[in-house]
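Report on the following structure.
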Amino acid sequence: MSALDIKIARKSYFHIGQDPLAALSDLRFKVDEGEFVSVVGPSGCGKTTLLNLIGVLNNFREPNVS
């Protein structure tokens with residue numbers, strides 16, 4: 001059983017006068033209890049956005065997060 005199950009269909013940012021910017025799209029992964037995970041990638045690829053979303057989702061009491 002996964003301790004954390006992440007499924008993010010899409011996270012976009014909107015700026016007036018510009019097209020939406022997709023920060024994350026079709027992201028899915030599971031983290032089992034006791035596992036360590038690293039998030040690596042170039043600047044602007046969505047690392048902080050992902051961690052912010054997980055932080056918000058992690059406030060729920062249910063272990064199955066979508």
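The values are calculated or read from the model by the stated rules, or taken from the named source; none is laboratory data. Treat the numbers as computed from the prediction; the structure is a model and nothing was measured. Virtual Cβ from ideal backbone geometry, glycine too; neighbours counted across all protein chains shown.
Couple of notes before you dig in:
- Neighbours by Cβ (under 8 Å, 6+ apart or cross-chain): first from region 34-61, closer than 20 Å to Ala23 by Cα; second modelled with pLDDT under 90 and assigned to a loop (DSSP other than H, G, I, E, B): Leu57/Val65; Asn58/Val65
- Every pair of residues 6+ apart whose Cβ atoms lie under 8 Å, when the first sits in region 1-26 and is within 19 Å of Cys45 (Cβ to Cβ) and of a type in the set (Gly, Ala, Ser) while the second is at pLDDT 90 or above and assigned to a strand (DSSP E or B): Ala9/Asp26
- The residue list Phe29, Phe60 contains one member that is surrounded by 12 or more Cβ atoms within 10 Å (Cβ to Cβ) and either at pLDDT 90 or above or out of contact with any helix residue (DSSP H, G or I) (no Cβ under 8 Å at 6 or more places or on another chain) (or both), which is Phe29.
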